[in-house]
1. Collect the residues in region 81-104 that are assigned to a helix (DSSP H, G or I) and more than 14 Å from the chain's Cα centre (by Cα), keeping them in residue-number order.
2. When you check residue 43 against the structure, is it farther than 13 Å from residue 93 by Cα and either surrounded by fewer than 16 Cβ atoms within 10 Å (Cβ to Cβ) or touching a strand residue (DSSP E or B) at 6+ places or on another chain (Cβ under 7 Å) (or both), yes or no?
3. Is at least one residue of region 54-64 under 15 Å from the mean Cα position of the chain (by Cα) and in a helix (DSSP H, G or I)?
4. On the given criteria, is residue 75 loosely packed, with under 11 Cβ neighbours inside 10 Å and at pLDDT 95 or above?
5. Are any of the residues in region 78-91 surrounded by fewer than 16 Cβ atoms within 10 Å (Cβ to Cβ), farther than 30 Å from residue 11 by Cα and in contact with a helix residue (DSSP H, G or I) (Cβ under 8 Å, 6 or more places away or on another chain)?
C-alpha cells in the first residue's frame, strides 16, 4: 500500500503545481491588460489643449514599457508551461510582478 500512496501524492503535487502555474499566468495576463487599460485611460483623460502630446507620451511610455516587459516574460512563461516546467513558471511570474515595481525608464 505504501508505494501506491507515494505515487498518488506525487501526482497530486504535480497537478497542484500545474494549477498554480495556470493561475500565475492568468494573473500576469490580467496585469498586462490592466497596464494597457491604464495607458488608454491616461491618454483619454488628459485630452486638453494645455497639455502637449509629448507629456502624455512620457507618462504612457513608462506604463507601456512595463506592459511590454511583462508580455515578453509571459511569453517565456507560457513556453515553459508547455514544456512542463511549472515551478519555473511560478518563479518567473512572481519575479516579474515583484520586479515591475522597480522598473523605470
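The values are calculated or read from the model by the stated rules, or taken from the named source; none is laboratory data. Just so it is clear, the structure is predicted and the values come from calculations on it, not from any experiment. Reconstructed Cβ throughout: ideal geometry from the backbone, glycine too, with neighbour counts over all protein chains shown.
1. Selection gives 82, 86, 87, 102.
2. On the way: farther than 13 Å from residue 93 by Cα: yes; either surrounded by fewer than 16 Cβ atoms within 10 Å (Cβ to Cβ) or touching a strand residue (DSSP E or B) at 6+ places or on another chain (Cβ under 7 Å) (or both): yes.
Yes.
3. First, pick out the residues of region 54-64 that are under 15 Å from the mean Cα position of the chain (by Cα): 63-64.
Restricting the remaining residues to those that are in a helix (DSSP H, G or I) gives 63-64.
Yes.
4. yes
5. The answer is no; no qualifying residue exists.
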